[in-house]
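Okay, structure first, notes after.
Each value in this text was obtained by applying a stated rule to the coordinates, not by laboratory testing. Treat the numbers as computed from the prediction; the structure is a model and nothing was measured. Every residue, glycine as well, gets a Cβ built from its backbone with ideal geometry; the counts of neighbours run over all protein chains shown.
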Amino acid sequence: MAEHYSSFEPKGTRWLLQRITAAFLVVVLAYHFMLLHFVNHAADITFAGTQARMSQVGYFLTMVLFLIAGTFHGVNGVYNALVNQGLDGTQQTVVKWLLIVAGTLLIVQGIRVATAMTGLF
Amino acid sequence: MSQSYDRGLIEDFGRWQEFSAGMWAWIFHKFTGWVLIGYLFTHVAVLSTATVDGATYTATLQGLESLLVVRFLEVGLLAVAAFHILNGIRLLFVDLGVGLEAQDKAFYAALIATAAITVASIPTFLLGAF
């Protein structure tokens with residue numbers, strides 16, 4: 001019996017980052033859901049409320065970090081899943097770069113939206 | 001000393017009756033992960049089209065919330081997120097080598113807690129939907 005079970009070999013930057021982002025996301029995803037569905041009911045959300053939250057520097061930075069961590073964790077997870085299913089060679093390289101581009105675009109667009117939500121620009 | 005665990009070929013669903021708790025946890029974690037990353041892209045896309053001006057933003061969100069199907073999809077999203085979070089905590093402990101002998105029980109606990117959280121959230125999600 002193996003002493004240590006894991007989906008990945010425990011080595012490398014992506015392996016570590018997947019776990020660091022996981023620990024962060026466990027807290028912030030739960031917070032995000034609680035705040036925008038239970039503390040503030042989703043049906044009652046208005047732009048004024050969103051603007052008030054996003055205009056706070058701490059909240060804005062938390063949401064941007066949430067976006068970056070979520071995108072990395074998700075896109076890296078998809079890549080790992082596909083490699084685990086046997087993706088290799090040229091296809092692996094193409095998929096890797098597609099995911100990097102898609103993830104980067106998502107982060108850029110997400111930050112644009114978060115900035116627009118502040119109503120400052 | 002660490003060693004990766006060969007789960008066999010996951011596409012061979014004919015083996016499903018042989019799947020252990022850890023295998024089901026792996027499948028559910030992967031499925032909920034696909035849903036969550038798909039949702040993240042959708043979420044940013046919807047907010048991008050809504051954040052044109054304040055009135056459009058509020059009208060888009062309240063318009064979506066007026067649809068009963070959206071309320072049920074939100075319950076589903078919570079179930080998916082809750083499982084991924086709870087099983088994710090289990091995986092972090094597994095990676096740390098803590099509580100390995102109870103990893104199957106931790107999976108069952110994650111399932112039960114997900115079900116409890118989901119059921120308890122239904123009144124909140126459906127508030128004002130009818």
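Remarks
- Alpha-carbon Debye profile of segment A:13-118, log10 I(q)/I(0) at 0.13, 0.16, 0.18 Å⁻¹: -0.58, -0.80, -0.94
- Over the protein assembly as shown: helical MRE at 222 nm, DSSP H runs n ≥ 4 each giving -39500 (n - 2.57), nearest 500: -25000 deg cm²/dmol
- Distance from segment A:36-63 to segment B:63-125 (C-alpha centre basis), Å: 23 Å
- Applied to segment B:125-130, the Karplus parametrisation 6.51 cos²θ - 1.76 cosθ + 1.60 on θ = phi - 60° returns per-residue 3J(HN,Hα) values of 5, 8, 4, x, 7, 9 Hz, with x for Gly and Pro.
- Residue list for segment B:36-75, given a label point 7 angstrom along the Cα-to-Cβ vector of A:T115 and an amide N cut-off under 18 Å: B:44-45, B:47-54
- Placing +1 on the Cβ of every Lys and Arg and -1 on the Cβ of every Asp and Glu, with no other charges, gives segment B:22-126 a dipole of roughly 140 debye about its Cα centre.
- Its Cα centre serving as origin, the protein assembly as shown has a Cβ charge dipole (Lys and Arg +1, Asp and Glu -1) of approximately 380 debye.
- Note that the protein assembly as shown carries a Kirkwood radius of 19.8 Å, evaluated over its alpha carbons pair by pair.
- Helix B:21-50 vs. chain B, principal-axis angle (Cα, 0 to 90°, nearest 10): 20 degrees
- Of A:G89, A:G74, A:G103, the one that fluctuates the most in a GNM where chain A has Cα springs shorter than 10 Å: A:G89
- The orientation-averaged shadow of the Cα convex hull for chain B, equal to a quarter of the hull surface, comes to 10.9 nm².
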